[in-house]
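For reference, the structure I am asking about is given below.
The values are calculated or read from the model by the stated rules, or taken from the named source; none is laboratory data. Source: prediction; values computed, not measured. Neighbour counts are summed over all protein chains in view; Cβ atoms, including those assigned to glycine, are modelled from backbone coordinates with ideal geometry. Quick note on the areas: whole protein, heavy atoms, side chains included, nothing else; ligands and nucleic acids left out. Shrake-Rupley method; radii C 1.70, N 1.55, O 1.52, S 1.80 Å.
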Amino acid sequence: MKEEVKTQVPVLNAGEEAAKNNAAEADTSVAARLARGEHVALIEVEHLTKKFGELTVLDDITDRVEQGEKVAIIGPSGSGKSTFLRCLNVLEDPTGGAVYFEGANLVDRKVDINLHRRRMGMVFQQFNLFNNMNVLKNITLAPVHIGLHDLHKTKAKNFFRKIANLFRGKEKKRELVPVQTNAKQIKAAAKENAMRLLTRIGLADKANVYPSTLSGGQRQRIAIVRALAMNPKVMLFDEPTSALDPEMVGEVLELIKELADEGMTMVIVTHEMGFAREVATRVLFMDGGKIQEQGTPQQIFGAPQNERLKDFLSKVL
């Protein structure tokens, strides 16, 4: 008869148990805070690193963006500002670290990144409008595509659920997902929203023209409206005025300022120091792939502490 082998489970004394609990509570990582049900910011980055070959562009950045914040990112060319912004919605794949949006780690391959990108508006330096489509089509393209995709997905789910229900008992049958719209309604709603946004920026009369016939300022405002058509939770601006003639900068900045006044969460890479001082609730100064200093506009522009920031401001102000 074989002798039964008993495995002893180590028992922690009160002191060890308390130390373990304290260590768990001291863990301030996003994953730990999510597990404890604690507050997590709209966007949080942890130890974000980005390398291109041997070149380190972003070096172990940890920061957060709260709902309603307007964060301006300033710094010299080549400091990593645009790369950092593009990592926030993973247009650039981080080499290391994590990027959380609404509690989901966008770097995790199990996460449906396109689902989360729907709520992150992006405005680029070069407009990126489709020149073979008129203005209205540019604005409605994404809402219509996503609306139809979701509609088809729901219909497919209901189809397979109907088939499965044929083989289930009465108690185990699953209800169908309600379908409250159709393709015609989706397209009509997208068009109505697009015209409302164009009217807001005074370009409703340009709905049927092509981007190539518009000024740079008009094209950038339409690019902003295109992002707004998706009803985003946050807007990411990558130097939105850098490709504009000086006389067109004001109309674009005014639109962004209106969005800020309405409470839109924003992260803006900009060389417009006056705009950053006026609109931002927090300013980040980047250099060498790191956030060298951050604070309110009054602190950053009025009483900078970092020597590199002082040197930068002396050249741009």
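Can you confirm whether segment 137-158 contains a residue that is touching a Phe, Trp or Tyr at 6+ places or on another chain (Cβ under 9 Å), open to solvent by less than 40 Å² (accessible area, probe 1.4 Å), over 19 Å from Met248 (Cα atoms) and part of a helix (DSSP H, G or I)?
Yes, there is a match, as at least one residue in segment 137-158 is touching a Phe, Trp or Tyr at 6+ places or on another chain (Cβ under 9 Å), open to solvent by less than 40 Å² (accessible area, probe 1.4 Å), over 19 Å from Met248 (Cα atoms) and part of a helix (DSSP H, G or I).
Would you mind telling me which numbered condition in (1) more than 23 Å from Val234 (Cα to Cα); (2) touching a helix residue (DSSP H, G or I) at 6+ places or on another chain (Cβ under 7 Å); (3) modelled with pLDDT under 95 Glu175 fails?
Looking at each condition in turn, Glu175 falls short on (2).
To continue, here is another question. Applying the selection to segment 113-132, what residues are more than 18 Å from Val90 (Cα to Cα) and either open to solvent by less than 40 Å² (accessible area, probe 1.4 Å) or in a helix (DSSP H, G or I) (or both)?
Phe127, Leu129, listed by residue number.
Separate question: Give me the pairs: first residue in segment 81-102 and farther than 20 Å from Glu293 by Cα and free of Cβ contacts under 8 Å to residues at least 40 places away in the same chain, second residue part of a loop (DSSP other than H, G, I, E, B) and open to solvent by less than 40 Å² (accessible area, probe 1.4 Å), beta-carbon distance under 9 Å, and six or more apart or on different chains, which are they?
Val90/Leu106
Is it the case that Arg64 is charged (D, E, K, R) and assigned to a helix (DSSP H, G or I)?
Numbers: charged (D, E, K, R): yes; assigned to a helix (DSSP H, G or I): no.
No.
Applying the selection to segment 44-77, what residues are small (Gly, Ala, Ser), closer than 22 Å to Ala280 by Cα and open to solvent by 10 Å² or more (accessible area, probe 1.4 Å)?
If the condition is that a residue be small (Gly, Ala, Ser), closer than 22 Å to Ala280 by Cα and open to solvent by 10 Å² or more (accessible area, probe 1.4 Å), then Gly68, Ser77 are the ones that fit.
Related question: For Leu166, all conditions in the list (1) more than 29 Å from the chain's Cα centre (by Cα); (2) among the aliphatic types (A, V, I, L, M); (3) open to solvent by less than 80 Å² (accessible area, probe 1.4 Å) hold save one; what is the number of the exception?
It is condition (3) that Leu166 fails.
Check whether at least one residue in segment 258-273 is open to solvent by less than 40 Å² (accessible area, probe 1.4 Å) and more than 30 Å from Leu214 (Cα to Cα), and report yes or no.
no
Give me a count of the residues in segment 257-287 that are over 22 Å from Glu44 (Cβ atoms) and out of contact with any helix residue (DSSP H, G or I) (no Cβ under 7 Å at 6 or more places or on another chain).
Here the count works out to 7.
Sticking with this structure for a sec: Identify all residues within segment 173-231 that are in contact (Cβ under 8 Å) with a residue 60 or more places away in the chain, open to solvent by 80 Å² or more (accessible area, probe 1.4 Å) and assigned to a helix (DSSP H, G or I); write none if there are none.
Ser212, the sole residue that qualifies.
What is the one condition in (1) outside any loop (DSSP other than H, G, I, E, B); (2) acidic (Asp, Glu); (3) open to solvent by 30 Å² or more (accessible area, probe 1.4 Å) that Glu92 does not satisfy?
(1)
I'm told Thr241 meets every condition in (1) of a type in the set (Ser, Thr, Tyr); (2) more than 25 Å from Val45 (Cα to Cα); (3) surrounded by fewer than 16 Cβ atoms within 10 Å (Cβ to Cβ) except one. Can you identify the failing condition by its number?
(3)
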